[in-house]
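Participant: My structure is below; once you've seen it, I'll send some questions.
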Amino acid sequence: MSKLHFTTRHANADTVERKWYVVDGTNLTVGRISSRIAHVLRGKNKPYFTPHVDCGDYVIVVNADKMVFTGNKMEEKGYQTVSGYPGGQKTAIAKDVMKRHPERIVEHAVRGMLPKNRLGRRMFRKLFVYAGAEHPHGAQKPEAFTF
C-alpha cells in the first residue's frame, strides 16, 4: 500500500496575493454583509488561510448610506462612545448615526468581527467605506464582490 504525502501550505508575508473587491451596499443588511466582509479581510476565503498571518484582501464598500437593518434596529440599536472624562459617555441611536456618519456603522460592525489584537487592527486598515457611490481606488482595478 502506498502512502500519500500531503504538505500543508502556510502563508507568509511574501506568498500572500491580495486582491481588491468593491461591495455595493444598496439594500444590503448591515450584519450579514459585515460578516462576509470580515471573512474576506481575514483571508478565510483563501485555501491557504493561516490564522497568525494577515492574508486577507482589500474591501471597498460604497453606498453605505443605503444599507438597512432588520427589525426595529434602526430605532432601537445604540452606539456608545466614551471620551474618557467624567460624564463623557454618549449614546446615539442607529438612525442618527446613519444620518451623520453612515460609514461608521459598517466600520463598527466589521471591527467587532475581527481579532482583538495588532493583527486585527492591521486587517481593519484594509477596509475602505464610503457613503456615496464614488471611491478613489479606481487605479487598483477592484472587482465586484460576489456572494
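Participant: Identify the single condition in (1) closer than 27 Å to N12 by Cα; (2) in contact with a Gly (Cβ under 7 Å, 6 or more places away or on another chain) that V62 does not satisfy, given that it satisfies every other one.
Facilitator: Among (1) closer than 27 Å to N12 by Cα; (2) in contact with a Gly (Cβ under 7 Å, 6 or more places away or on another chain), the lone unmet condition for V62 is (1).
Participant: Can I ask one more? Considering each residue of the range 129-147, count those that are touching an Asp or Glu at 6+ places or on another chain (Cβ under 9 Å) and either of a type in the set (F, W, Y) or over 15 Å from R36 (Cα atoms) (or both), and give that number. Break it down into steps so the answer makes sense when it comes.
Facilitator: Step one: list which residues in the range 129-147 are touching an Asp or Glu at 6+ places or on another chain (Cβ under 9 Å), which gives 129-133, 144-145.
Restricting the remaining residues to those that are either of a type in the set (F, W, Y) or over 15 Å from R36 (Cα atoms) (or both) gives 130-133, 145.
Selection size over the range 129-147: 5.
Participant: Go through the range 1-41 and give me each residue that's of a type in the set (S, T, N, Q) and surrounded by fewer than 17 Cβ atoms within 10 Å (Cβ to Cβ). Before the answer, list the steps.
Facilitator: As a first pass, look at the range 1-41 and keep what is of a type in the set (S, T, N, Q): 2, 7-8, 12, 15, 26-27, 29, 34-35.
Selection gives S2, T7, T8, N12, T15, T26, N27, T29, S35.
Participant: Identify the single condition in (1) surrounded by 17 or more Cβ atoms within 10 Å (Cβ to Cβ); (2) more than 26 Å from T50 (Cα to Cα); (3) of a type in the set (A, V, I, L, M, F, W, C) that A139 does not satisfy, given that it satisfies every other one.
Facilitator: (1)
Participant: Could you say which residue among E103, E107 is surrounded by 12 or more Cβ atoms within 10 Å (Cβ to Cβ), among the acidic types (D, E), modelled with pLDDT of 95 or more and within 25 Å of P51 (Cα to Cα)? Walk me through how you get there before you give the answer.
Facilitator: Numbers: E103 fails: within 25 Å of P51 (Cα to Cα).
None of the others qualify; the one that does is E107.
Participant: Sticking with this structure for a sec: If you take the residues of the range 2-21 that are basic (K, R) and farther than 19 Å from V59 by Cα, which of them is modelled with the highest pLDDT?
Facilitator: R9
The values are calculated or read from the model by the stated rules, or taken from the named source; none is laboratory data. These numbers were taken from a predicted model, which means no experiment stands behind them. Here Cβ is always computed from backbone atoms with ideal geometry, including for glycine, and neighbour counts include all displayed protein chains.
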